[in-house]
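Written out below as structure tokens is the structure these notes cover.
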Amino acid sequence: MFQNGLLLIGLGAFLIGIGGILGTLGWNRVSTNSQKRNIVASVIRECESNKKMIDEAIALIESPDFSSWSFSYRPYSSTHLSMLLTSGLFDFTGTEALTVRAELEKYEEAIYAFNAGLRIVGRHNPGLFIKTEFIHNPQRLRETQVDSVLSDKFMRLKTTSENVLALLLDKNISDKF
């Protein structure tokens, strides 16, 4: 019945070897995609945490109680963002990928610039958050739209944070890049 036993054994070993290789490649691909999704999810959580602090500062500006102004109580975070930008898992080549990378880098730069101000001036200085001409003028502050009273550094942090959060929630970066 099995006249070519050696041939069948060789064919079986070959098929098992091919199956093992395909299984390993598939497992590595699943593992890589999982790592990419985890990095993106951690950046989203970091952006949301930063946005919460930004929203709290804006709420203070919208209804100022000058006796208890307590803006940022900690630096804004960019650890996971740096990890995404420097990770070898993401391929930032091509027009769309370069646009995404540029937005992420703008956000990282805005965080660094604002955190530098926090270290230099102090965390509870309203001048980091509000243009100086509005700080001691509560009537004018209430009459003006919030975005027009925000300092340039804080406004840059706010807009880049919103842009990156929308970008990360809108596009499935872990599958595209």
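Numbers at a glance
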{"read-out": "Mean residue ellipticity (222 nm) of the chain, computed from DSSP H runs ≥ 4 via -39,500 (n - 2.57), nearest 500", "value": "-24500 deg cm²/dmol"}
{"read-out": "Modelled label reach - T86, point 7 Å along Cα→Cβ, region 102-119 residues with backbone N closer than 20 Å", "value": "102-116"}
{"read-out": "Stokes-Einstein diffusion coefficient of region 5-176, Kirkwood radius over Cα pairs, 37 °C, 0.692 mPa s, in µm²/s", "value": "173"}
{"read-out": "For Y107, Y76, order by how many other beta-carbon atoms lie within 10 Å, fewest first", "value": "Y76, Y107"}
{"read-out": "Estimated distance in nm for a label pair at A59 and T32, the labels positioned 7 Å out from Cα along Cα-to-Cβ", "value": "4.3"}
{"read-out": "Count, lysine Cα pairs under 23 Å in region 5-176, 8 or more residues apart or across chains", "value": "22"}
{"read-out": "For I130, residues with placed amide H under 5 Å, excluding near neighbours", "value": "S151"}
{"read-out": "Stretchable slack from T95 to L169, in nm (0.36 nm times residue separation minus alpha-carbon distance)", "value": "24.7 nm"}
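A short reminder: the numbers here are calculations on the coordinates, not readings from a lab. Remember, it's a predicted structure, so these values are computed and weren't measured experimentally. Here the Cβ is made from the backbone with ideal geometry for all residues, glycine too, and neighbour counts use every protein chain on show.
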